[in-house]
Amino acid sequence: MVFQQSNLAVILFLVVIALVVGLSCTLIRRSSSPAGYFVASGSVHWGVNGISFVGDYLSAASFLGVGGMIAVAGFDGFLYSIGFLSGWIVLLLLLAEPVRRLGHFTFTDALDAYFQSRGLRFAAAISTLIISIFYLIPQMVGAGALMMPLLGVPHYVGVLMLGTVVTIIVATSGMVSTTYVQCVKGGLLLVISLVLVYAVLERGFIMDGTVIVPTTTVQSGDAVGSKFNHSGSLDPLKYLQLFYAGDIYQLRQKGGGEVSPDFERKKAGAEIMRSGGLFQLGSGHWRDRIDFISLMLGLICGTAALPHILIRYYTVSSNVAARKSSIVAICGIALFYVLSLYIGLGAMTSGTVNLGDSNMAVPLLAKSLGVVFFAVVSAVAFSAVLGTVSGLIIASSGAVAHDIMDRVLGMKMTAMEKVVAGRIAAIVIGCIAIYLGLVFEGMNVSYLAGWAFAIAASANLPALLLALFWRRTTSQGVVAAIFSGLLVSLVLILVSPEMYVRYGYAATQAPIHLNHPAIIAMPISLLAAIVVSLRTTGLTQR
Amino acid sequence: MKQYASEKVDQLYRAKLRLGLKLLTAFATLYFMFVFLQVFKEEWLAMPVAGVNLGLILGLLLIFISVIVALIFHLCSCRLERTFSEQLQRVAVEKD
């Protein structure tokens, strides 16, 4: 039942692919110079850039992951939304204008503006590559999960298809087509989320007394009116109030992915709307609390240090445009996260959750509202992955071609050769992304994105803040911040309980019971930068 | 005149940075208060308020506040930019 494919969805999916590939081929001439290829010649309108930010940022981790997490875990999934959005405030208030002022093609430009150091450029480029690759994992996993119900193909075929399409987009016309893809995707994502929430509110609840019965289980059988009451359409507040006051059946999964309500087990809406679905904070161990604080720290600090977000500031013509586009982005992203709360709760109360893969809750909710909904939501979700992956690949190719090959290795390249180098780098990174998408199949994409945020927060943010705002910072200090942040966060992730489960061991065997490393890695990175800067004062001080 | 303009641009940059830092301090305080309430006083957030729980209301409020902070920053930055631009123009006219 869960994995039946729809012809309309297949057609829409093919239309999306044809459109983006066609667009990329049409725009290829506008990306023949390095400025055109890497930053769309800095000529993007702030409004378009703002919506492109929305498209760039609201990835599979947000559209599929947050909705899925709320559908499975309740309120705790919503906490991710708050963290993801709050990072934008750090970005707007502290970094948007300085980064725009000092950089040209990559975030490394801004970091290195006061130092002109090869070592620093190399460190920042490596950091960009690692963060982008970590952020690519959830996108590819989300793509694979999406392709299964959409086209009826296995996970690996889905990952392979997305990887190929996105590599074509980036390798042909770089940031120019990426901007248009992200802008269209950002707009579509907001519109379809609004429509989805409207449909959820219109449908309301089907209730047996105070018990909210999964909508999908009563569609064909029992008539509404005899045993069940229909709440009718609800306003947003009333929807939350009824959910809070009601009881919701727990779901169980049979073979073949089919989900049915477990009529023996109910949970109060009030319980679902408080913390406990994912994080054991109230009654849990101290390490669970520290892990949660670490996650929230990583989320608020990580956004401001994501290279693929920072490079979008170079696509506009002025500092004021950079600020305005951030504000458009914040409004759009805030709206989306409020909507995702209703989408998640709607999926939960409809019984449209694939318990084996929480990422599928949103498309399945759409499926319960009609085949057209499902087709459109799947196409938009696919474009969500497409937009973010293309942004990540362009950031990575800039790190390779502009930072490492041109500035660090000093390779003499003509403008055209630099663009070709960027395109080849995009193809290689696309292949790496495909491989990782296969390895991490089945993990929740928001959870995986949390790691990318933690690495960005640990490696890039302390370096960026000190380089921009502390006069005594030296290039050695910045390098120390990047490498210590990278190293500590990567080691902590590799020995985390979640990874131990992946290795086939019990989570309790992990040496450090921390799944999110920011709380340890960030202070170490900051400390390393300060100590090394003070020790090397006078050598390369800015 | 060029040097004066450059100094003014730097002043403007620093003024916006100071404003950003103030707003960020206020926002980060609210954010971490919310996080710490989740961790240490979760039962407070479970209290029913207006038919839902306090945690949900505070979460939605934090999202709303982030939009407001962004708008305040933009409006104040615009005002600063206008003031600095007027000062520059005045000096340019006096020089002429």
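The values are calculated or read from the model by the stated rules, or taken from the named source; none is laboratory data. None of these values were measured; they are calculated from a predicted model. Quick reminder, even Gly has a Cβ in these numbers, built from the backbone with ideal geometry, and neighbours come from all protein chains shown.
Quick notes
- For the stretch A:35-80, a residue qualifies if it is of a type in the set (Val, Ile, Thr) and in a helix (DSSP H, G or I), and the qualifying residues are A:Val39, A:Val48, A:Ile51, A:Val54, A:Val66, A:Ile70, A:Val72.
- Selected residue (criterion: farthest from the other protein chains (Cβ to nearest Cβ)) from residues of the stretch B:38-56 that are in a helix (DSSP H, G or I) and surrounded by fewer than 16 Cβ atoms within 10 Å (Cβ to Cβ): B:Trp44
- Residues located in the stretch A:69-82, provided they are within 10 Å of chain B (Cβ to nearest Cβ) and touching a Phe, Trp or Tyr at 6+ places or on another chain (Cβ under 9 Å): A:Asp76, A:Phe78, A:Leu79, A:Ser81, A:Ile82
- Any pair with Cβ under 8 angstrom, 6 or more apart, that starts in the stretch A:403-426 at a residue that is in contact (Cβ under 8 Å) with a residue 40 or more places away in the chain and ends at one that is surrounded by 13 or more Cβ atoms within 10 Å (Cβ to Cβ) and among the basic types (Lys, Arg): A:Asp403/A:Arg121; A:Ile404/A:Arg121; A:Arg407/A:Arg118; A:Arg407/A:Arg121; A:Val408/A:Arg118; A:Val408/A:Arg121
- Taking residues in the stretch A:467-479 that are within 14 Å of chain B (Cβ to nearest Cβ) and farther than 13 Å from A:Ser525 by Cα, and partners anywhere that are crowded, with 22+ Cβ neighbours inside 10 Å and among the small types (Gly, Ala, Ser), the pairs with Cβ atoms closer than 9 Å and at least 6 places apart or on different chains are A:Leu468/A:Ala110; A:Trp470/A:Gly477; A:Trp470/A:Ala529; A:Trp470/A:Ser533.
- Residues that are surrounded by fewer than 24 Cβ atoms within 10 Å (Cβ to Cβ) and either more than 20 Å from A:Val419 (Cβ to Cβ) or modelled with pLDDT under 90 (or both) occur in the stretch A:62-74; there is at least one.
- Evaluating B:Val93 against the criteria (1) away from every other protein chain (no Cβ under 11 Å); (2) surrounded by 15 or more Cβ atoms within 10 Å (Cβ to Cβ) leaves one unmet condition, (2).
- For the stretch B:4-37, a tally of residues being within 7 Å of another protein chain (Cβ to nearest Cβ) and farther than 30 Å from B:Thr83 by Cα returns 2.
- Entirely in the stretch A:355-469, the helices (runs of 4 or more DSSP H) that have 1 or more residues that are among the polar types (S, T, N, Q) and over 23 Å from A:Leu95 (Cβ atoms): A:361-369, A:371-398, A:445-459
- Residue within the stretch A:142-158 that is assigned to a helix (DSSP H, G or I), of a type in the set (Val, Ile, Thr) and more than 19 Å from the chain's Cα centre (by Cα) present: yes
- Taken over the stretch A:524-537, the criterion of being surrounded by 14 or more Cβ atoms within 10 Å (Cβ to Cβ) and not β-branched (Val, Ile, Thr) is satisfied by A:Ser525, A:Leu526, A:Leu527, A:Ala528, A:Ala529, A:Ser533.
- Criterion applied to A:Ser24, A:Ser59 was being hydroxyl-bearing (Ser, Thr, Tyr), buried (at least 20 other Cβ atoms within 10 Å of the Cβ) and touching a Gly at 6+ places or on another chain (Cβ under 8 Å), and the one residue passing it is A:Ser59.
Here's the yes/no breakdown for (1) under 25 Å from the mean Cα position of the chain (by Cα); (2) in contact (Cβ under 8 Å) with a residue 12 or more places away in the chain:
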residue	(1), (2)
B:Thr25	yes, no
B:Thr29	yes, no
B:Phe36	yes, no
B:Val39	no, no
B:Glu43	no, no
B:Leu61	yes, no
B:Val67	yes, no
B:Ala92	no, yes
B:Asp96	no, no
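- Restricting attention to the stretch A:391-408, the residues that are of a type in the set (A, V, I, L, M) and within 9 Å of A:Thr106 (Cβ to Cβ) total 2.
- Taken together, the residues in the stretch A:288-325 that are more than 8 Å from chain B (Cβ to nearest Cβ), assigned to a helix (DSSP H, G or I) and β-branched (Val, Ile, Thr) amount to 5.
- Among the residues of the stretch B:69-79, those that are within 7 Å of chain A (Cβ to nearest Cβ) and touching a residue at least 24 places away in the same chain (Cβ under 8 Å) comprise B:Val69, B:Phe73, B:Ser77.
- Looking only at residues of the stretch A:491-519 that are surrounded by 19 or more Cβ atoms within 10 Å (Cβ to Cβ) and of a type in the set (Val, Ile, Thr), we find that the one that is farthest from A:Gly477 (Cα to Cα) is A:Ile493.
- Apart from one condition, A:Ser33 fits all of (1) surrounded by fewer than 24 Cβ atoms within 10 Å (Cβ to Cβ); (2) of a type outside the set (Asp, Glu); (3) under 17 Å from A:Ser325 (Cβ atoms); the exception is (3).
- Any hit, the stretch A:326-333, residues being in contact with a Phe, Trp or Tyr (Cβ under 6 Å, 6 or more places away or on another chain), part of a helix (DSSP H, G or I) and away from chain B (no Cβ under 14 Å): no
- Scanning the stretch A:92-124 for residues that are over 30 Å from A:Cys331 (Cβ atoms) and crowded, with 24+ Cβ neighbours inside 10 Å yields A:Asp112, A:Leu120, A:Arg121, A:Ala123, A:Ala124.
- Any hit, the stretch A:331-354, residues being touching a helix residue (DSSP H, G or I) at 6+ places or on another chain (Cβ under 7 Å), surrounded by 24 or more Cβ atoms within 10 Å (Cβ to Cβ) and farther than 30 Å from A:Ile206 by Cα: yes
- Criterion (assigned to a helix (DSSP H, G or I), within 14 Å of chain B (Cβ to nearest Cβ), farther than 24 Å from A:Phe63 by Cβ and out of contact with any Lys or Arg (no Cβ under 9 Å at 6 or more places or on another chain)) met by exactly one of A:Leu91, A:Leu85, A:Leu95: A:Leu95
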